[in-house]
1. Counting Lys +1, Arg +1, Asp -1, Glu -1, what net charge surrounds Gly72 among other residues with beta carbon under 14 Å of its beta carbon?
2. Filter Lys75/Lys137; Lys175/Lys201; Lys61/Lys100; Lys100/Lys185; Lys75/Lys201; Lys95/Lys201 down to the pairs with a C-alpha to C-alpha distance above 29 Å, please.
3. Given R₀ = 25 Å, FRET efficiency for Ala92-Thr35 by Cβ-Cβ distance, to 0.05?
4. Rounded to the nearest 20 Debye, what is the dipole magnitude of segment 131-202 about its Cα centre when Lys and Arg each give +1 and Asp and Glu each give -1 at the C-beta?
5. Evaluate E = 1/(1 + (r/R0)^6) for Arg176 and Ala76, where r is the Cβ-Cβ distance and R0 equals 22 Å; express this FRET efficiency to the nearest 0.05.
6. Put +1 on the Cβ of each Lys and Arg and -1 on the Cβ of each Asp and Glu in segment 131-202; which of Ser198, Ile173, His144 then has its Cα farthest toward the positive end of the dipole?
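Every number in this text was worked out from the coordinates using simple rules, so none of it is lab data. Since we're looking at a predicted model, the values are computed, not measured. Heads up, the Cβs are rebuilt from the backbone with ideal geometry, glycines too, and the neighbour counts pull from every protein chain shown.
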Amino acid sequence: MLRDVKEYFTSCEPCALGRRVHSTKAYLNPLDLATRPFEVLGLDFLEVIPLTNCTALSTSKALVERIILHHGPLKAIITDRGSNFTSELFSALRKALNIKRMKTTAKSLENGFERWEDILGPIVFAYNNSLHSSTLKTPYFLNHGRDPVMPIDQLLRPIPPVIVTPSDYESQIMKRLNEAFQLVKINLSQAREQQKASTIKA
């Protein structure tokens, strides 16, 4: 699936037209290292959350109802400079919940591509099931403690059902996640140092 996504974007004319080449490098602003899933969250939502509009009220409600109430409180959020994220309402919500805000660099999407809702879900799924260059794990595994069973897996090698007790299953998941989180912590620290070193060279 990752190969298909790459091929799509390399052959997509509006995507190519939307690319910008920047000669100057932005100041390195290291992000907080998260210690658990959904502790630090990037907004323009990584989840596909359908909003009827992008007002401060809609964005604030979606953050609380679709993220915080499902995954727990956040330590920080990373947003662009959209008015829905810089509004008094969103700022008041963030401060009330003690969530730090970090801003991304300004970007513009001017290619006029209008079918994002048709392709965003599969793109997010492909991203969530691809190895992340910093963590060296997939976001899906770090959230669920297992890899998803894809239709192709069932066709090539049907997986027999394994009957385990709830407490055994919990132990297995906790063991997998604890091992993964320790590795991710090391990998993120190394990636941060590499980013710092490459920024200093440039």
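1. +1
2. Numbers: Lys75/Lys137 21 Å; Lys175/Lys201 40 Å; Lys61/Lys100 18 Å; Lys100/Lys185 20 Å; Lys75/Lys201 31 Å; Lys95/Lys201 37 Å.
Listed pairs above 29 Å: Lys175/Lys201; Lys75/Lys201; Lys95/Lys201.
3. On the way: r = 26 Å, r/R0 = 1.06.
After rounding to 0.05, the efficiency reads 0.40.
4. Values: 9 positive and 6 negative charges, 77 e Å.
Here the size comes out at about 380 debye.
5. Details: r = 26 Å, r/R0 = 1.17.
The value I calculate is 0.30.
6. Checked the options; the winner is Ser198.
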